[in-house]
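The block underneath contains the structure these notes are about, expressed in C-alpha cells.
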Amino acid sequence: HQSRTFEVRIFSYFEDHKLVVVRDITELYQLAQIRRDFIANASHELRTPLTVLRGYLEVMLDTPGSHQNAWQVPLQHMETQAHRMQAIIEDLLALSTIESGSINRSKSVVSVASLLHQIEKDAQRLGGVNHKFSFEIDDHLTLEGYEESLKSLFMNLVSNAVRYSPEGGDIKVRWFKHNQQAVFEVIDEGIGIAQEHIPRLTERFYRVDADRSRGTGGTGLGLAIVKHVLERHNGQLQIDSVVGKGSCFRCVFPLSSK
Ligand code: ADP
C-alpha cells in the first residue's frame, strides 16, 4: 500500500451544520516535494563550482601589480556577479531548508530580543550607514519557534527597509505584545509600493523594479523567505505602504494562551 495525502477542510454550513470537504492531494504533494528536492539539489551542486571560481578570482585580483592590469575592471565585475550568484544560491537553499528541513526539528523558546539586539548592533553593516535606526524592543517577549529562520526573517525585512529608502531616512523596528499576539514591525520612509504590487511581493523573484533590486544587492527571494518563515510559525504578514512616503511590514504571531 502506498500512503496517500488528504486535505480536509471544514466549513460552517447554515446554523449548526458543518460541511467537510476531503480532497486527495497525493500527486500534488509529491510534485511539490519533487520541485523542492530539485531546487535544493541544484542549488547545492552549484555552490561548489562557484566557490572555486570565486577563489581564483580573488587570487587574480590580489596578485601584486594586478591593479595596473587591463583585466582588473572585468575581473572585478566577474567577482561582483559571482557574489550575486552566490547570494541567490544561499537564499534558494535557505528557502528549501525552511520549506522542508525544519519539519522534523522541534521548536524552542527563542529570545527574539537578543536576536534583535544583535541586528541592532550590525544594522550599519546591512548597508544602513546613514540611516537613522530606532529599535523598540520588549525584552521579555519570547516566541516559540526556529531561531535561525526567525533571524533571517528579521534580517530580510530590515535590509529591505535600508535598500528601499534614502540615506538619512528613519527606520523604526518594533517588537511588542498586542492582544495576545507578538508583533514585529519595520517601518521605513522609503520609496513605498503601489497597491497593485502588494499581493504579489512574496512570490519568488517578484520585483517592482528589477534594476533597483539587483543594483542594491537583492536576490528577489527575501520576502518569499519571510512568507515561509511566517507559515512555519502560524504568523501573518501585513504590508501598509504609500508610494513616495514609506512602508510598514508587520509580522503578527499568535501567542499560546498558556
Ligand atoms: P529583493 O531582493 O528584490 O528586495 P524581496 O523579496 O526582498 O526581493 O522583495 C521583493 C520586492 O518588494 C522588491 O524587489 C521591492 O520591489 C519590494 N520591496 C520589498 N521591501 C520593500 C520596502 N521596504 N520598500 C519598498 N519596496 C519594497
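Observations
- Meets criteria (at pLDDT 95 or above, in contact with a helix residue (DSSP H, G or I) (Cβ under 8 Å, 6 or more places away or on another chain) and more than 9 Å from the ligand (Cβ to nearest atom)) for Asp138: yes
- Candidates Ile198, Ile193: the one that is within 7 Å of the ligand (Cβ to nearest atom), at negative phi and surrounded by 13 or more Cβ atoms within 10 Å (Cβ to Cβ) is Ile193.
- Among residues of region 130-144 that are buried (at least 17 other Cβ atoms within 10 Å of the Cβ), those with a beta-carbon under 9 Å from a residue that is polar (S, T, N, Q) at least six positions away or on a different chain give the pairs His131/Gln124; His131/Ser165; Phe133/Gln124; Leu143/Ser111.
- Selection count where residues are crowded, with 16+ Cβ neighbours inside 10 Å, charged (D, E, K, R) and within 12 Å of the ligand (Cβ to nearest atom), scope region 209-249: 1
- Exactly one residue out of Ser96, Ser12 is surrounded by 15 or more Cβ atoms within 10 Å (Cβ to Cβ) and either hydroxyl-bearing (Ser, Thr, Tyr) or part of a strand (DSSP E or B) (or both), and it is Ser96.
- Output for region 12-44, where each listed residue is more than 22 Å from the chain's Cα centre (by Cα) and acidic (Asp, Glu): Glu15, Asp16, Asp24, Glu27
- Residues of region 204-238 that are within 21 Å of Asp170 (Cβ to Cβ) and touching a strand residue (DSSP E or B) at 6+ places or on another chain (Cβ under 6 Å): Gln238 alone.
The values are calculated or read from the model by the stated rules, or taken from the named source; none is laboratory data. Quick caveat, the model's predicted, so the values are computed rather than measured. Every residue, glycine as well, gets a Cβ built from its backbone with ideal geometry; the counts of neighbours run over all protein chains shown.
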